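Enquirer: Please see the structure below; I have some questions.
The values are calculated or read from the model by the stated rules, or taken from the named source; none is laboratory data. Just so it is clear, the model here is predicted, and its values are computed rather than measured. Note that we place each Cβ from the backbone using ideal geometry, even for glycine, and neighbour counts take in every protein chain shown. Each accessible area value is taken on the protein alone, full model and side chains, heavy atoms only, with ligands, DNA and RNA left out. Shrake-Rupley method; radii C 1.70, N 1.55, O 1.52, S 1.80 Å.
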Amino acid sequence: MRRILRQLYNFATYESSYGQAGKLTFDLKHKNNVVLNTIWEDKTVVQTTNNNFNFYEDGRDCVIQSTGDGDVIAQIPEYYSFTGNVEGNLKHSYLQVDPKIYGEVNIDVKGAVDVNKIKSDNTNIKAFSINIQKYLETQSGSLIAQSDIEIKKLAIVKDIKLQTTDGKVNIGSFYSQLQDIQPIKQDEIQSQVLKLPHLKLISHSSKVIKIGYCQGGVDIKSKSRSLKLKMISNGIFHIENIGTVEIGISEKAQGYVKSDEKVIVNILQDSPVNIIYNGLNEQLLKDLGNIYIDSPELEINYADNVFGL
């Protein structure tokens, strides 16, 4: 049971002296939008557009509760966490400093989430759509959206799950640490991916999936009409997609790709890979990564440099 230290009613402005390492908890069940601004000061200032809000303070935790429609503007330090429920949109924007959040993020938003940078131990976001403009660095977490998911740079230590019901997915680059591995048989691919730091992507949408440079474990199951992973190196992947799959291979990559239509593999010249198409030429070659392809059609292209992938 939460111990309430102070309760303030009908204040359009609330200021907490608790700054770094504080937490905002949203309990916004009406038509409420939230704007987060990162500031230099070591304090928290919350302003609302009307008096339809209650504020509760419990140690370092500030709870904001709505009793009606209205918007919230919260000025927070960099090292801050936020959690709770928002019926409207949540935007993290520029005020005094480059907006970034170093803290726990656990939020359920009915509208759109648009943030600049997050660096967190755990990041869990559920929203209509999710846009991370620059980067998300996290130990683990999940991003679940009804519509689009867009991330410029994604870096993880353990694992993260991305899921969309009816949206596109666009990830500029993905990084995770991968240990050295030996050539793997086809039936071992997915289990090996899940043992390592990895990105798990589930898409129930026919819309396009694009991932740029990729390093680490990748497990994708989707219904996209077009899935493109521009380049993977030092990684293991397990991909199942209804539509076309295009993947670029540079070095030390191995995995499995299944498509009901066509697979296009773009390989960096002299990359140590062994292509196994529909079970043909299935053998584990020493020091070579095995790429297993299960598809009615396969196209293989070679590039002289990474820019050609």
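Enquirer: Can you tell me how many residues within region 2-32 are exposed (fewer than 15 other Cβ atoms within 10 Å of the Cβ), more than 11 Å from residue 57 (Cβ to Cβ) and at pLDDT below 70?
Expert: 4
Enquirer: Residue by residue through region 38-60, note down the ones that are within 23 Å of residue 117 (Cβ to Cβ) and either open to solvent by less than 40 Å² (accessible area, probe 1.4 Å) or touching a residue at least 60 places away in the same chain (Cβ under 8 Å) (or both).
Expert: Answer for region 38-60, where residues must be within 23 Å of residue 117 (Cβ to Cβ) and either open to solvent by less than 40 Å² (accessible area, probe 1.4 Å) or touching a residue at least 60 places away in the same chain (Cβ under 8 Å) (or both): 38, 39, 44, 45, 46.
Enquirer: Kindly state which strands (runs of 3 or more DSSP E) lie completely within region 50-121 and contain at least 1 residues that are under 26 Å from the mean Cα position of the chain (by Cα) and under 11 Å from residue 38 (Cα atoms).
Expert: 72-76, 80-86, 90-93
Enquirer: Could you please give the count of residues in region 214-257 that are touching a residue at least 60 places away in the same chain (Cβ under 8 Å) and in contact with a His (Cβ under 7 Å, 6 or more places away or on another chain)?
Expert: Matching residues across region 214-257 total 3.
Enquirer: For region 131-189, how many residues meet the condition of being buried (at least 21 other Cβ atoms within 10 Å of the Cβ) and among the basic types (Lys, Arg)?
Expert: Residues that pass the stated criteria total 0.
Enquirer: Something else now. Can residue 35 be described as out of contact with any Gly (no Cβ under 6 Å at 6 or more places or on another chain), surrounded by 15 or more Cβ atoms within 10 Å (Cβ to Cβ) and under 21 Å from residue 138 (Cβ atoms)? Give the steps one after another, and end with the answer.
Expert: Working: out of contact with any Gly (no Cβ under 6 Å at 6 or more places or on another chain): yes; surrounded by 15 or more Cβ atoms within 10 Å (Cβ to Cβ): yes; under 21 Å from residue 138 (Cβ atoms): no.
So residue 35 does not fit the description; no.
Enquirer: Just one of (1) within 25 Å of residue 252 (Cβ to Cβ); (2) over 11 Å from the mean Cα position of the chain (by Cα) trips up residue 168, so point out which.
Expert: Here residue 168 clears every test but (1).
Enquirer: When you scan region 192-285 for strands (runs of 3 or more DSSP E) that lie fully inside it, which ones turn up with 2 or more residues that are open to solvent by 50 Å² or more (accessible area, probe 1.4 Å) and closer than 16 Å to residue 168 by Cβ?
Expert: Working: elements: 198-203, 209-215, 217-222, 226-232, 235-241, 244-249, 253-259, 263-268, 273-277.
Answer list for region 192-285: 226-232.
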